[in-house]
Amino acid sequence: MINRIPGTRDILPPEISLWQHIEAIARAILSNYNYQEIRPPLVEEAGLFNRSLGDFTEVVQKQMFLIPKGDDLYALRPEGTASVVRAYIENGLDKTTGFMKFFYTGPMFRLERPQKGRQRQFHHLGCEVFGSEGPLIDAEVIFLIKELLDAFKIEGYRIKLNSLGCQEDKKKFSRLLTERFEAEKSNFCQECNQRLKNNVLRILDCKNDSCRAIVDKLNIGHNHLCPECLDHFNKVKAHLEKLNVVFEITPQLVRGLDYYTRTVFEITHSELGAQDAVGAGGRYDNLVEDLGGPKTPAIGFAFGMERLLLVTKLKNIERKGPSVYLITLGDKAKNESLALLKNLRQEQIACDTDFEEKSLKGSMRKANDIGADFVLILGDNELQKQTIMLKDMALKSQEEIPLANLITELKKRIK
Ligand code: HAM
């Protein structure tokens, strides 16, 4: 017996109905906002992620599913943004209308230590918008997140908001932090000591108590933002307030991927425990250009589907089985079953049969189990007379009808 690998799951019925329901809600809302679906491949050149997420990010350093192929190195995608940006450039989409809104759903892969809400294969529902620099789109994206979460019947989430500023602001801020933190080196956890060398911003959202105490002492605000970035941030906040979106300014929020500039946000939920983010995102105004495209501002976010499912109040939907169940008795009748089912399905009558030889009693039990409304019994006798037995399971009645009238008789009865 070979089992699934740790950190992966089989999504089975009836749980799958909840996935489909959430996806259907999302598709309807996203279509209202003019988002179009995009399906990039699950596997890309590993370099795409190194260049997008950053060489020193945890995802690239420790979590990539790598596949060497000759001189090439492929990777299962750990996230969707880099692939969507690659697709945007490679397919010349920047040369069409320029401004474009995309959404995607599908599996992502990260070799993390599995725990509640943290898997090695998980699913994103993500959006990416290209071609708008102004604060309006930031506010629309965050409002869209709120609308989606409300429609998914998720209550008690918190929207944390910050601005990292432009690339220059980030550099300036990193230098400032490095200077301040050098003196505290010995009090940082091992990982933050590493971050001090190559990813100092990440120290800000370290969960370790002693690191947190050092960060709290700094009293970080938004002094590192240049006037343009500060103005952008203020306008995003004002638009959100106008839309009555409740958010929390969180200066320590830096996100774990290097491509972000200006607006960043995270949506947390206390019922999730240690891995409390149901979704996150932000602006990445330099990524299209960094990956070889024209200068194109962009913003996006992704929800973790598994985490949405942990906190939604929506319930699995019990699937209704086929309304008609055909029981054939004898070889001749059995030989007619596929043609009969084909005719019913052509008329949109959902039906099934027992493909194996069973007693009438056993087959009736099966019809009951799947919740069939009507049972058809066809024996060699009936076949000879060109009739069929039609049982109404609710009324507990049965009658023999001409085979030629079967569809009309069923349609009369099916609600
Ligand atoms: P991220 O924060 O790495 O951002 O992932 C987004 C969400 O995916 C998280 O908030 C979490 O809900 C879920 N998630 C992440 N890792 C796991 C895991 N191992 N198991 C289960 N769920 C997980 C991104 O990936 C960015 N691409 C989001 C974005 C889009 N930014 C701009 N556009």
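Calculate, in nm to one decimal, what residue 182 and residue 147 gain on full extension: separation in residues at 0.36 nm each, minus their alpha carbon distance.
8.3 nm
How many angstrom lie between the Cα centre of region 185-242 and the Cα centre of region 343-377?
With region 185-242 and region 343-377 each reduced to a Cα centre, they are spaced 63 Å.
Please identify the helices of the chain, taking whole runs of DSSP H, that span at least 20 Å along their own axis as judged from the Cα atoms and have a mean Kyte-Doolittle score of 0.5 or higher.
135-151
Tell me which of 131, 161, 142 sits at the most positive position along the dipole axis of region 115-197, charges placed on C-beta atoms (Lys, Arg +1; Asp, Glu -1).
Comparing the listed Cα positions along the dipole, 161 ranks first.
Need one number: nm distance between label points at residue 295 and residue 168, each 7 Å from Cα along Cα→Cβ, rounded to one decimal.
Reported label-point gap for residue 295 and residue 168 is 1.2 nm.
Please report 146, 95 as a ranked list, fewest other C-beta atoms within 10 angstrom at the top and most at the bottom. Mind dumping the intermediate values first?
Working: 146 18, 95 8.
Ordered from fewest to most neighbouring Cβ atoms within 10 Å, 146, 95 come out as 95, 146.
Using 0.36 nm times the number of residues separating residue 74 and residue 316, minus their current alpha carbon distance, what extension gain do you get?
My answer for the length gained is 83.4 nm.
Taking 0.36 nm per residue of sequence separation and subtracting the Cα-Cα distance, how much length would be gained by fully extending the chain between residue 414 and residue 357, in nm to one decimal?
17.8 nm
Helix-only mean residue ellipticity at 222 nm, the chain, DSSP H runs n ≥ 4 weighted -39,500 (n - 2.57), per residue, nearest 500. What is it?
Roughly -11500 deg cm²/dmol at 222 nm, from the helical runs in the chain.
Can you give the FRET efficiency to the nearest 0.05 for residue 113 and residue 155, using r as the Cβ-Cβ distance and R₀ = 22 Å?
Plugging the Cβ-Cβ distance into 1/(1 + (r/R0)^6) gives 0.15.
Which of 361, 170, 185, 415 comes first, and how do the rest follow, when ranked by fewest Cβ neighbours within 10 Å?
Result, fewest neighbours first: 415, 361, 185, 170.
Quick check: Cα centre of region 301-335 to Cα centre of region 15-79, how many Å?
Centre-to-centre (Cα) distance: 27 Å.
Is the C-alpha gyration tensor of the chain telling us rounded, prolate or oblate? Criteria: a/c under 1.5 is rounded; beyond that, a/b larger than b/c is prolate, otherwise oblate.
Prolate shape, in that a/c is at least 1.5 and a/b is the bigger ratio.
Let me know the charge dipole size of region 265-335 about its Cα centre in debye, to the nearest 20, where only the beta-carbon of Lys, Arg (+1) and Asp, Glu (-1) is charged.
Computed charge dipole of region 265-335: roughly 640 debye.
Under a point spin-label approximation (7 Å from Cα along Cα-to-Cβ), what is the residue 242-residue 331 distance to one decimal in nm?
My value for the distance between the label points is 7.9 nm.
For the chain, what's the relative contact order in percent, using C-alpha pairs closer than 8 Å and at least 6 residues apart?
16 percent
Among 254, 296, 267, whose Cα sits farthest toward the positive end of the charge dipole of region 241-300 (+1 at Cβ of Lys/Arg, -1 at Cβ of Asp/Glu, about the Cα centre)?
296
Is there a quick way to get the dipole size of region 209-366? I mean about its Cα centre, with the Cβ of Lys and Arg at +1 and of Asp and Glu at -1; what is the value in debye to the nearest 20?
It comes to approximately 700 debye.
Between residue 33 and residue 398, what is the FRET efficiency for a Förster distance of 60 Å, r being their Cβ-Cβ separation, to the nearest 0.05?
Here the calculated transfer efficiency is 0.70.
Starting from the 7 Å offset along Cα-to-Cβ, what nm value, one decimal, do you get for the label separation of residue 121 and residue 205?
Using points 7 Å along Cα→Cβ, the separation is 2.7 nm.
Taking the Cα centre as origin and putting +1 on Lys and Arg beta-carbons and -1 on Asp and Glu beta-carbons, what dipole magnitude results for the chain, to the nearest 20 debye?
Dipole about the Cα centre, nearest 20: 600 debye.
Throughout, read-outs are computed from the coordinates displayed, never taken from laboratory work. Just so we're clear, the structure is a prediction, and the values are computed from it rather than from any experiment. Positions of Cβ are backbone-derived with ideal geometry, glycine not excepted, and every protein chain shown enters the neighbour counts.
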